[in-house]
Amino acid sequence: MSKKVDPKKNKKTELNLSAEEYHELEMILDRLSVQNPEGTSLDNYLKSLVKILDGREDLVAALLERMGRKPSKVGFQTFVVLKDIVRDKKLAKMLRQVGYRFSQRGFSAEEQARPSDSVVLVQKEGRKPVAHVLPVNGTFWLFAALIPEAGYAAPTLVTALMERDFERVYIKVSEGSQKNYREFLQQAGEYHADRKPFEVPVSHAARLFFELLDFCKKKEASPEQDQATKLLTPFHDPEKPPYAYELMPPLDDPRDHLEEVDEVELLKAIDWSWLVFPKEEITPYWQRMQDLENPVLVIPKEIQEERTTELMKTAADDLCIGKTRWLYQRFFEEQALWLKLSSRDALAWSAWLVAQHLRSPARVGDNPVVAQMVSLSMRQYWPKDFEQREPQAEPFHRTESGLIVPA
């Protein structure tokens, strides 16, 4: 005879999360999945999470429960820092179970989070740090910073950029001076006449540095990375928004302004190659589009175009999620900043609308630029299928289904 089960003892604690909170949870998990447990950026990110999640106990409990399913060093550090936020006795049992899972994997329950006291850099009078961003085609967030270092006569020059396909961050640290720093910027400006370097707060350059490390696929420590980390950490405040938020206006609901986005001109102005979706991810949608464009039965042109457009939106919804959505958002925040400082206000506004729409919980498929990136990605992998019968004067043209692709 089977033993009766006491429903009270086996009732699982229910967490009440909204759709937006589930989306936020996935974004946090994606961000934590690429963190280095020994890196400074993890400390900074956890400090920001404490403030962001304080008072949101169900979301914290859901996050820690997910981290406990596959215990890791990053997961345990997250658990140690965030567990005290949860004060609800109903969630205490869940947290005990999470702690037990970590202990079963060898993580000591007595281990403490690393010190999170902020470091303040005191500069000598007359030796102020300076930083510039260089929006050069073919690079991803190239910046340069000249930072005075205590105990050294000459300041240190730090440059960093992402190499193609997010494989590695190229970091250069060397002795510098105001003179060779100006020469470096001048040469960069002469080589790329339409993309002049622009000055940003050093805190913004520090943000770009740690985000480059987050986006990088290969986590390889190096002496120059360690030195750059040491120099830039005092300026890094993950809770402070990117510099664009000081120059661009806030939006109550970006969805109300999407029709103002000039996606054609915006895509002409930026290097969108960094946003191309991986071939293995987009292939199923390409195959479905081929089926739509070559139907067995005769379908009215209007219906066929409507189905193709909806397929592009569905692909955008499915592919631009988690870390990819964050990448798109940050990319267009930086493009808005560059275009604003270049006095290209109309394009800056388009980039800003794209970024703010991605920052909101709105449907990605409705974002005109992301939907176009689905089409551009297909064009990248299957160019022959997009060749036009007649030459085009413009670098972009519109297909019968309304998609904008390079000519």
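Taking every alpha carbon pair in the stretch 28-89, what does the distance histogram look like in 10 angstrom bins from 0, in percent?
22, 61, 17, 1
Explain nothing, just compute: Karplus ³J(HN,Hα) = 6.51 cos²θ - 1.76 cosθ + 1.60, θ = phi - 60°, for every residue of the stretch 279-287 in order, whole Hz, x for Gly and Pro.
4, 5, 7, 8, 4, x, 6, 5, 5
Top to bottom by accessible area (1.4 Å), largest first, where do 27, 312 land?
27, 312
Of all accessible surface on the stretch 163-273 at a 1.4 Å probe, what whole percent is carbon and sulfur?
Whole-percent figure for carbon plus sulfur exposure: 46.
Once you compute Rg and the Kirkwood Rh from C-alpha atoms, what is the Rg to Rh ratio for the stretch 219-377?
1.06
Kindly state, as a whole number, the per residue volume in cubic angstrom of the convex hull around the alpha carbon atoms of the stretch 307-374.
Spread over its residues, the Cα hull of the stretch 307-374 gives 70 Å³ apiece.
Counting only protein chains, not ligands or nucleic acids, how are 22, 245 ordered by accessible area (probe 1.4 Å), most first?
Largest accessible area first, the list is 22, 245.
Name the residues of the stretch 42-60 whose amide N is less than 19 Å from a point 7 angstrom out from the Cα of residue 90 along the C-beta direction?
54-60
Please work out how much accessible surface residue 229 shows to a 1.4 Å probe, ignoring ligands, DNA and RNA, in Å² rounded to 10.
Roughly 20 Å² of residue 229 is accessible to a 1.4 Å probe.
In the calculated pair distance distribution of the stretch 136-187, what percentage of Cα-Cα distances lie above 12 Å?
66
Short version: ³J(HN,Hα) in whole Hz for each residue of the stretch 265-273, in order, from phi by Karplus 6.51 cos²θ - 1.76 cosθ + 1.60 (θ = phi - 60°), x for Gly and Pro, what are they?
Along the stretch 265-273, the couplings run 5, 5, 5, 5, 7, 10, 8, 7, 4 Hz.
Listed here are the pairs 218/384; 172/217; 51/219; which of them are more than 23 Å apart at the Cα?
Check vs 23 Å cut-off fails for 218/384; 51/219.
Send over the Kirkwood Rh of the stretch 124-280, from the inverse of the averaged 1/r over different Cα pairs, rounded to one decimal Å.
About 17.4 Å for the stretch 124-280.
Run the 1.4 Å probe and let me know the accessible area of residue 181, rounded to the nearest 10 Å².
10
Is the shape of the stretch 208-279 best called rounded, prolate or oblate, per the rule: a/c under 1.5 gives rounded, else a/b larger than b/c gives prolate, else oblate, with a ≥ b ≥ c the square roots of the Cα gyration tensor eigenvalues?
oblate
Heads up, I need the accessible area for residue 318: 1.4 angstrom probe, whole protein in place, Å², nearest 10.
Result for residue 318: roughly 70 Å² accessible.
The values are calculated or read from the model by the stated rules, or taken from the named source; none is laboratory data. Keep in mind that this is a model prediction, so the values were computed, not measured. Positions of Cβ are generated from backbone atoms using ideal geometry, with glycine treated the same way; all protein chains shown enter the neighbour counts. The area values use the complete protein model at the heavy-atom level, side chains included, leaving out ligands, DNA and RNA. Shrake-Rupley method; radii C 1.70, N 1.55, O 1.52, S 1.80 Å.
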